[in-house]
Amino acid sequence: MARRQTPPRLSTLRRTAVLVLSISSFATACTSGGDNDTAETVFDPCSPLQIALSSSVTDAERAGVDAAIAAWNARLPTQIAASADEALYRQTPRADDVLPIEFATKFGLRAAYFDKTGVIIVSSELLAPEEFGVAIAHEMGHAFGLPHVDPSVRPSVMNVGNTTLAPTVEDATEVATLWPSCSITPTGP
Ligand SMILES: [Zn+2]
């Protein structure tokens, strides 16, 4: 049942500004950790969660979404499913278990999670198709409540600018700390 809610750990933190969490080096809002990375709207990946895509999604875009879902599911008992049902994608107000991913052109960032509205936007121009999977896994990490991880701390899917490293065991452990429904021993290596 618990979806799109603020985990108890974050319950006292509320922000009014739209927080842009981007993997793009162009993004001035991209920080390397700390409270600025605390997302307002977060989703429980281990309860049923629907990724809503436009019916006009391309094969490469859909493959990127599927790769991101698979990368998280390789680490945690996620219950994430993607749908290209246009009605679901455009639903207003959205159900609490719906996380839209919009592929955009003329978007100034490579990818971002807008935590105020609970939407991921991915640039289909600034990212190569083979980068979609990790970039989306990174933004999903923000949607699950993860902040950035500085590369000097550890390799992580949440390293700023990461387009190559899939979620790690440590990343999965952080998600499981936020969401009890994910609390199994994350699978390695
Ligand atoms: Zn980020």
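The values are calculated or read from the model by the stated rules, or taken from the named source; none is laboratory data. Note that the structure is predicted; figures quoted are calculated from it, not measured. A quick note on method: Cβ atoms are made from the backbone with ideal geometry, for glycine too, and the neighbour counts reach across all protein chains shown.
Checking the structure you have, find out if any residue of the stretch 92-102 is surrounded by 14 or more Cβ atoms within 10 Å (Cβ to Cβ) and within 15 Å of the ligand (Cβ to nearest atom). So far as the stretch 92-102 goes, yes, one or more of its residues are surrounded by 14 or more Cβ atoms within 10 Å (Cβ to Cβ) and within 15 Å of the ligand (Cβ to nearest atom).
Table: residues versus (1) touching a residue at least 24 places away in the same chain (Cβ under 8 Å); (2) more than 20 Å from Asp66 (Cα to Cα); (3) touching a helix residue (DSSP H, G or I) at 6+ places or on another chain (Cβ under 9 Å).
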position	(1), (2), (3)
Ala81	yes, no, yes
Leu109	yes, yes, no
Ile121	no, no, yes
Val175	yes, no, yes
Cys182	yes, no, yes
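Is it the case that Ala104 is of a type in the set (Gly, Ala, Ser) and touching an Asp or Glu at 6+ places or on another chain (Cβ under 6 Å)?
Criteria not met by Ala104.
Would you confirm whether or not the stretch 106-116 contains a residue that is among the charged types (D, E, K, R), within 18 Å of Ser54 (Cα to Cα) and at pLDDT below 95?
Within the stretch 106-116, one or more residues are among the charged types (D, E, K, R), within 18 Å of Ser54 (Cα to Cα) and at pLDDT below 95.
Under the condition of being without any contact (Cβ under 8 Å) to a residue 24 or more places away in the chain and either closer than 13 Å to Ala67 by Cβ or small (Gly, Ala, Ser) (or both), which residue from the stretch 129-167 is farthest from the ligand (Cβ to nearest atom)? The residue in question is Glu130. When restricted to residues that are loosely packed, with under 15 Cβ neighbours inside 10 Å and touching a Leu at 6+ places or on another chain (Cβ under 9 Å), the stretch 133-182 contains 1.
Of the strands (runs of 3 or more DSSP E) lying entirely inside the stretch 71-189, none contains at least 1 residues that are touching a Cys at 6+ places or on another chain (Cβ under 9 Å), within 19 Å of Ser47 (Cβ to Cβ) and not hydrophobic (A, V, I, L, M, F, W, C).
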